[in-house]
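Undergrad: A single structure is presented below for examination.
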Amino acid sequence: MKPWVDNLRKIGFLILSTVGGLILWHLFTAYSNIPSFIFPKPVEVWARLITVLADGSLIYHTLVTLQEVILGLALGLTTAIVTGYFLAKSRLVERVLSPYIVASQSIPIVAIAPLLVIWLGPGILSKILTSALIVFFPVLVNTIVGLRSVPNELYDLMRSLQASHLQRITKLEIPAALPVFLGGLRIGATLAVIGAVVGEFVGADKGLGFLVNVGRGLYDTALVFVAVFTLVLLALGLYGTVVYLENHLLSWQKRNGE
Amino acid sequence: MKGTKKLILILLAVMLVSSCTGVDGGEQTPEELIVIRLPMGYIPNVQYAPFYAGMEEGFFADEGLAIEFDYSYETDGVALVGANEIQFSLVSGEQVPIARAEGLPIVYVLAWYGQYPVAVIAKSEQNLNSPQDMAGKSIGLPGLFGANYVGLRALMGYAGLEEKDLTLESVGFNQVEVLAADTAEVIVGYVANEPVQLAAQGYDLDVLLVSDYLDLVSNGLITNETTLAENPDLVRRMVSATLKSIQFAVENPEQAYQHCFKYVEGLEDANQEVQTQVLESSLALYQTDPYGYSKPQAWENMMEVLLDMGLMKAEINLTEAYTNEFSQ
């Protein structure tokens, strides 16, 4: 089958599934007698979407959350990659740090978030850190696994070629660890959105988490739905970006496999 | 095989004995009592002492009721009552006009607090002597929603201040820590809670009560139009038991406090002096005249503030939003 036909089929199925879902949602809300403040109809959510798009508030709050997510992701990634490198390379460092890292993962982020607001203030920094904290662990684990999956024979080869330390990192370790690392990034990218929203839930006056709180406070459930769907789109967009990066950066793997 | 049979027989015997003796660890509610799930809007706290006392002293049981305390979000309680999933909830006053404007058929039937419980608080060096003194200061509040925000905006309106005249910081429910750490110069909180906690830590404070400047409808008990129409007797019994409970707590604060230990986990380890003060401050709030009565002017004022804030887009018929019929 030609690729464009395959793509067209995929898009067709996506549209069918979306329309089917909307019809089911409409039928459920129309015939179940559930009030709008509990479960709004699709048309009500659509109307609310148009309102917040027209007054610019949805774009504003989305950009705020996006900024927190991107900065949180950047911070979480950098810290996880650096820590992961040292943990992968040194058993001693791993033994010393692992208990702390594993223990830190058992602390719910919602319990930490209020403390971050107290320590760092109610501004953007506490949201960035919440996002970074939630991104950190999956990326860290995948960085370690990725680096440890490099076969010893390839290190021997690099040594025989008298490769420098930098060359070993850029020519061997990064390309070899990249597939596993990007797997961690896929998870991290979507988690970053959750982290930022948790931060906004605790204390914020802007962002999509704040918009959800406003919707709940005003019994405007349609607004809550608009904010939640925007968050889903944001997470899907980030996930898609990582998949695109994967396809782009790992194209050599496919070529070798052919 | 023999061992397995033995084990099964023992288990069956244990189950049989358990079912006969009711060894299930649960407390049995007499069948005639109607269990009322009551969202309280906050965590277990001594400020709810009248309800705890009412349960222990039998005021609710006398009316054929048993309260199942629910500490979920206030807005969830309002939505559930609005959808007639539950019959009652304890909410702050501003929620009623906001919810009714969105089509939730809730009705306020009893004033739990006689005055709006929100205050702005600052360390005394900030010289917060009047609402006008908030100008130019950073104000920490849980968020731009709920009773704290409404109370602050009411004070700002009184002082002729707009949001651009001060810096609002959404700090979550961390007002005590934020003021102690000087992250905000002024905080907004409940008069029975944050000022008491801060004073106990040795801070010298200035406290401005919203109710000293504007009469706003305060926390109260809500039901819905369906319950009012189909089961007014249930409403009457619930209000009657609550009023007796409030009166008991006001007249017997020490006994009411003792009843809290059963319901507020960790109370025995908390600072007893602070907790007693929280109850004392709350007792002052309960005392409406007469108990449970909400003033029509307070409703008018509240609607005006909410319209001014943009939290309501149009006026509502306030006579449908509340009734003093059951509390008189």
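The values are calculated or read from the model by the stated rules, or taken from the named source; none is laboratory data. None of the values given here were measured: they were computed from a predicted structure. Please note: Cβ atoms are built from the backbone with ideal geometry, for glycine as well, and neighbour counts cover all protein chains shown.
Undergrad: Picking from B:D70, B:D133, B:D62, which residue would you name as being more than 10 Å from chain A (Cβ to nearest Cβ) and free of Cβ contacts under 8 Å to residues at least 24 places away in the same chain?
TA: When all the criteria are applied, what remains is B:D133.
Undergrad: For the range B:254-272, give me the residue count where each residue is part of a helix (DSSP H, G or I) and either in contact (Cβ under 8 Å) with a residue 40 or more places away in the chain or in contact with a Gly (Cβ under 9 Å, 6 or more places away or on another chain) (or both).
TA: Final tally of qualifying residues: 8.
Undergrad: For the range A:193-221, enumerate the residues that are more than 10 Å from chain B (Cβ to nearest Cβ), in contact (Cβ under 8 Å) with a residue 40 or more places away in the chain and surrounded by fewer than 24 Cβ atoms within 10 Å (Cβ to Cβ).
TA: A:I194, A:V198
Undergrad: I've got another one for you. Considering each residue of the range B:99-122, count those that are more than 14 Å from chain A (Cβ to nearest Cβ) and within 21 Å of B:E300 (Cα to Cα), and give that number.
TA: 13
Undergrad: Only one residue in A:S131, A:S126, A:S106 is within 14 Å of chain B (Cβ to nearest Cβ) and under 23 Å from the mean Cα position of the chain (by Cα). Which one?
TA: A:S126
Undergrad: Being among the β-branched types (V, I, T) and either loosely packed, with under 14 Cβ neighbours inside 10 Å or farther than 24 Å from B:E320 by Cα (or both): is that true of B:T242 here?
TA: In short, no.
Undergrad: Separate question: Looking at (1) touching a residue at least 60 places away in the same chain (Cβ under 8 Å); (2) in a strand (DSSP E or B); (3) within 14 Å of chain A (Cβ to nearest Cβ), which is the only condition B:V96 fails?
TA: Just one mismatch for B:V96, condition (2).
Undergrad: Give just the number: which of (1) within 14 Å of chain B (Cβ to nearest Cβ); (2) surrounded by fewer than 21 Cβ atoms within 10 Å (Cβ to Cβ); (3) assigned to a helix (DSSP H, G or I) does A:I187 not satisfy?
TA: Of the numbered conditions (1) within 14 Å of chain B (Cβ to nearest Cβ); (2) surrounded by fewer than 21 Cβ atoms within 10 Å (Cβ to Cβ); (3) assigned to a helix (DSSP H, G or I), the odd one out for A:I187 is (1).
Undergrad: Taking the range B:124-147, which residues are part of a strand (DSSP E or B) and over 26 Å from the mean Cα position of the chain (by Cα)?
TA: Passing the criteria: only B:S138.
Yes/no matrix, rows are residues, columns are (1) farther than 26 Å from A:S131 by Cβ; (2) within 14 Å of chain B (Cβ to nearest Cβ); (3) not small (G, A, S):
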| position | (1), (2), (3) |
| --- | --- |
| A:F28 | yes, no, yes |
| A:S32 | yes, yes, no |
| A:F37 | yes, yes, yes |
| A:A47 | yes, no, no |
| A:L58 | no, no, yes |
| A:H61 | no, yes, yes |
| A:I70 | no, no, yes |
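Undergrad: Moving on. Can you name the residue in the range B:275-315 that is in contact with a Gly (Cβ under 8 Å, 6 or more places away or on another chain) and among the charged types (D, E, K, R) and, of all such residues, is nearest to the other protein chains (Cβ to nearest Cβ)?
TA: The selected residue is B:D308.
Undergrad: Something else: In the range B:198-239, what count of residues is obtained for those that are buried (at least 16 other Cβ atoms within 10 Å of the Cβ) and outside any helix (DSSP H, G or I)?
TA: 18
Undergrad: Could you tell me whether any residue of the range A:11-24 is away from chain B (no Cβ under 14 Å), surrounded by 10 or more Cβ atoms within 10 Å (Cβ to Cβ), touching a residue at least 12 places away in the same chain (Cβ under 8 Å) and within 24 Å of A:A235 (Cβ to Cβ)?
TA: yes
Undergrad: Consider B:A192 against the criteria (1) facing chain A (nearest Cβ under 10 Å); (2) hydrophobic (A, V, I, L, M, F, W, C); (3) assigned to a loop (DSSP other than H, G, I, E, B): it satisfies all of them except one. Which criterion is unmet?
TA: In the conditions (1) facing chain A (nearest Cβ under 10 Å); (2) hydrophobic (A, V, I, L, M, F, W, C); (3) assigned to a loop (DSSP other than H, G, I, E, B), B:A192 misses (1) alone.
Undergrad: Specify which of the listed residues (A:V43, A:V110, A:V96) is surrounded by fewer than 14 Cβ atoms within 10 Å (Cβ to Cβ), touching a residue at least 40 places away in the same chain (Cβ under 8 Å), part of a helix (DSSP H, G or I) and β-branched (V, I, T).
TA: Of the residues listed, the single one that is surrounded by fewer than 14 Cβ atoms within 10 Å (Cβ to Cβ), touching a residue at least 40 places away in the same chain (Cβ under 8 Å), part of a helix (DSSP H, G or I) and β-branched (V, I, T) is A:V110.
Undergrad: Sticking with this one: If you take the residues of the range B:45-66 that are surrounded by fewer than 24 Cβ atoms within 10 Å (Cβ to Cβ) and of a type outside the set (G, A, S), which of them is modelled with the lowest pLDDT?
TA: Checked the range B:45-66; the qualifying residue modelled with the lowest pLDDT is B:N45.
Undergrad: Among the numbered conditions (1) closer than 17 Å to B:E56 by Cβ; (2) buried (at least 21 other Cβ atoms within 10 Å of the Cβ), tell me where B:S282 comes up short.
TA: The single condition B:S282 does not satisfy is (1).
Undergrad: Return a yes/no flag: does the range A:168-177 have any residue that is more than 27 Å from A:T241 (Cα to Cα) and not polar (S, T, N, Q).
TA: Yes, that holds for at least one residue.
Undergrad: Also: Scan the range B:289-296 and tell me whether some residue there is assigned to a helix (DSSP H, G or I) and either among the aromatic types (F, W, Y) or surrounded by 17 or more Cβ atoms within 10 Å (Cβ to Cβ) (or both).
TA: no
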